[in-house]
Amino acid sequence: METTNTAAGAENTSDLVNEEAKRIAIISYITIIGLVIAFVMNNEKQLDFAKYHIRQSLGLCVTGFGLGIIGLIPILGWIINLLGIFVLLYMWIMALMNALNGRTKPAPFLGSKFNEWFKGL
């Protein structure tokens, strides 16, 4: 019985760390301010799960900024921007669902590139 309680206690400790990383990962997907807050929260802890999702969120923000720049171009830019916003929304929802479910699966389409580009974070 005591070994079972000890094992359960060890699981609870790892779950707390996992919950903290999950919390930081979810915060990173809530606007640019949430990304900055998550980056600061994870600065001293350096949790790998949180770092992964911070990179994904940063990539989504940069992609949104790029779409905004493209949207300044009349007509063709507007069309690309409109379609891109829907794709970006899909990518954001899927990445957020991965963070909520505790998975380190990249965001669709560009998620693996985000990890390459921002691996220094």
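Does any residue of region 30-47 turn out to be closer than 17 Å to W117 by Cα and loosely packed, with under 12 Cβ neighbours inside 10 Å?
no
Could you list, in sequence order, all residues of region 61-96 that are surrounded by 14 or more Cβ atoms within 10 Å (Cβ to Cβ), out of contact with any Lys or Arg (no Cβ under 9 Å at 6 or more places or on another chain) and under 19 Å from A21 (Cα atoms)?
W92, L96
When region 97-121 is examined, which residues are found to be surrounded by 13 or more Cβ atoms within 10 Å (Cβ to Cβ) and in contact (Cβ under 8 Å) with a residue 40 or more places away in the chain?
Correct list: N98, A99, T104, P106, A107, L110, G111, K113, F114, N115, W117, F118.
Any read-out appearing in this document is the output of simple, stated calculations on the displayed coordinates, not a laboratory observation. For clarity, every value in this text was computed on a predicted model and none was experimentally measured. Glycine also receives a Cβ, built like all others from the backbone with ideal geometry; neighbour counts cover every protein chain displayed.
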